[in-house]
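Have a look at the structure below before the remarks.
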Amino acid sequence: MLVLGIETSCDETAAAVVADEHPRIRGHRLLSQVKEHRPYGGIVPEIAARSHLEHLDGLIAGAMADAGIGFGDLSAVAATGGPGLIGGVIVGVMEGKAIAFARDIPFIAVNHLEGHALTARLVADTEFPYLLLLVSGGHCQLLIVEGVGRYRRLGTTIDDAVGEAFDKGAKLLGLGYPGGPAIEAAARAGDAACFALPRPMRGREGCDFSFSGLKTALSREVALRTRGAGGLTAQDQADLAASLQAAIADCLIDRTANAIEIFQSRYPAGRALVAAGGVAANTMLRMRLAELAAEDELEFVVPPAALCTDNGAMIGWAGLERLKAGLIDGLDFAPRPRWPLDPTAPRAIGAGVKA
Ligand code: KG4
Ligand code: ZN
């Protein structure tokens, strides 16, 4: 089986060809739009959609050439069908449908979050059920992955996503966009004990997250350090970045520890803790999660950093898993700006809820 995966939901245009036999990733192309959005300090949806439209054809052709195949060799086409910035999602879905229609092969609309969720199986054959910490620019959730298309949400953020906390934090510190990698790099030269930032929700029951207070606390520290003295010094930037990274990691670890307890009592056969999404590329977080999993005798699975951030292989792989399960979509599929993995989960309650 060979599946073409298309990802256009945010600021990366990506295409990949994946196979059910090893090597699984046969062709993999990605174009980051970081340079196009940087002048604005964040993603501009209209620019993103136009850029996807301009580059997607070439990236697909490149991925197919790397795989050494033609469209006639494909078993199916999978494209991110949501959630995400709707203009970009429409571009990918239309392209996927056009190829599927022209070649008379199945079209599969992949939930972007399911792409992240199943990457552990692409790289490590992780067996269901597993506990998943999904940490990205738009989401922060703890879920039990029971099977393809079967998710139980244990917790979510009641305000900002964790990637947003990194991105907004980096902006406040003058470190630019995208914030996660910038905070991580600056933190290497910093002292995490320098600033006592809060740990929202720590010690509370359940698995929900909150990050907006952290952003407020950080902006207060920045205001105090810069009063009358120009900008932040490089050492202040590093110390604040290290303090922010440590606070975020503490929150994620605390909430994940609660989720492990629930997972192990409800799913005694479950063996793995999986991390996924762009923030799972963070080295310190990976180390802390590995320690936590070891304490609870779980295997810790996290994709290589390049497969944590958005990519086409995760969409192709989720498409392949859905194809095997007989879960294909019609050409009338409508792109979905919002698309929860667990539709039965109650809406999060809190100030400024987005999830
Ligand atoms: O999964 P992703 O590529 O896109 C979404 O689906 O949102 O995640 C992007 C997010 C951004 O907020 C980015 O700042 C964050 O992941 N990120 C990181 C790191 N690399 C990317 N956060 C912390 N440390 C990193 N090394
Ligand atoms: Zn993502």
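The values are calculated or read from the model by the stated rules, or taken from the named source; none is laboratory data. Keep in mind it's a predicted model, so treat the numbers as computed, not measured. With ideal geometry, Cβ positions are generated from the backbone for all residues, glycine too; neighbour counts draw on all protein chains shown. Just the protein is used for accessible areas: all its heavy atoms, side chains included, with ligands, DNA and RNA removed. Shrake-Rupley method; radii C 1.70, N 1.55, O 1.52, S 1.80 Å.
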Condition test on Arg50, is it at pLDDT below 95 and in a helix (DSSP H, G or I)?
no
Of the residues Thr309, Thr344, which is closer than 24 Å to Arg188 by Cα, hydroxyl-bearing (Ser, Thr, Tyr) and out of contact with any Ser or Thr (no Cβ under 7 Å at 6 or more places or on another chain)?
Thr309
Is it the case that some residue within the range 10-32 is open to solvent by less than 70 Å² (accessible area, probe 1.4 Å), among the β-branched types (Val, Ile, Thr) and outside any strand (DSSP E or B)?
no
In the list Val77, Val91, Val148, which residue meets the criterion of being touching a strand residue (DSSP E or B) at 6+ places or on another chain (Cβ under 9 Å) and either open to solvent by less than 20 Å² (accessible area, probe 1.4 Å) or farther than 20 Å from Arg338 by Cβ (or both)?
Val77
Can Glu291 be described as out of contact with any helix residue (DSSP H, G or I) (no Cβ under 7 Å at 6 or more places or on another chain) and charged (D, E, K, R)?
yes
Selection status of Gly92, touching a Leu at 6+ places or on another chain (Cβ under 9 Å), assigned to a helix (DSSP H, G or I), within 16 Å of ligand 2 (Cβ to nearest atom) and not charged (D, E, K, R):
yes
List the number of the failed condition for Asp11; all other conditions in (1) more than 16 Å from ligand 2 (Cβ to nearest atom); (2) within 13 Å of Pro178 (Cβ to Cβ) hold.
(1)
Go through (1) out of contact with any His (no Cβ under 8 Å at 6 or more places or on another chain); (2) in a strand (DSSP E or B); (3) more than 19 Å from Gly330 (Cα to Cα) for Val110 and report which single condition fails.
(3)
Reported set for the range 96-151 where residues are small (Gly, Ala, Ser) and within 16 Å of ligand 1 (Cβ to nearest atom) is Gly115, Ala117, Ala120, Ser136, Gly137, Gly138
Any residue at all in the range 272-290 that's more than 16 Å from ligand 2 (Cβ to nearest atom), out of contact with any Asp or Glu (no Cβ under 7 Å at 6 or more places or on another chain), among the small types (Gly, Ala, Ser) and under 24 Å from Asp208 (Cα atoms)?
yes
Could you tell me whether any residue of the range 321-331 is within 15 Å of ligand 2 (Cβ to nearest atom) and not in a helix (DSSP H, G or I)?
no
Out of the strands (runs of 3 or more DSSP E) lying entirely within the range 123-220, which hold 2 or more residues that are over 19 Å from Arg255 (Cα atoms)?
140-147
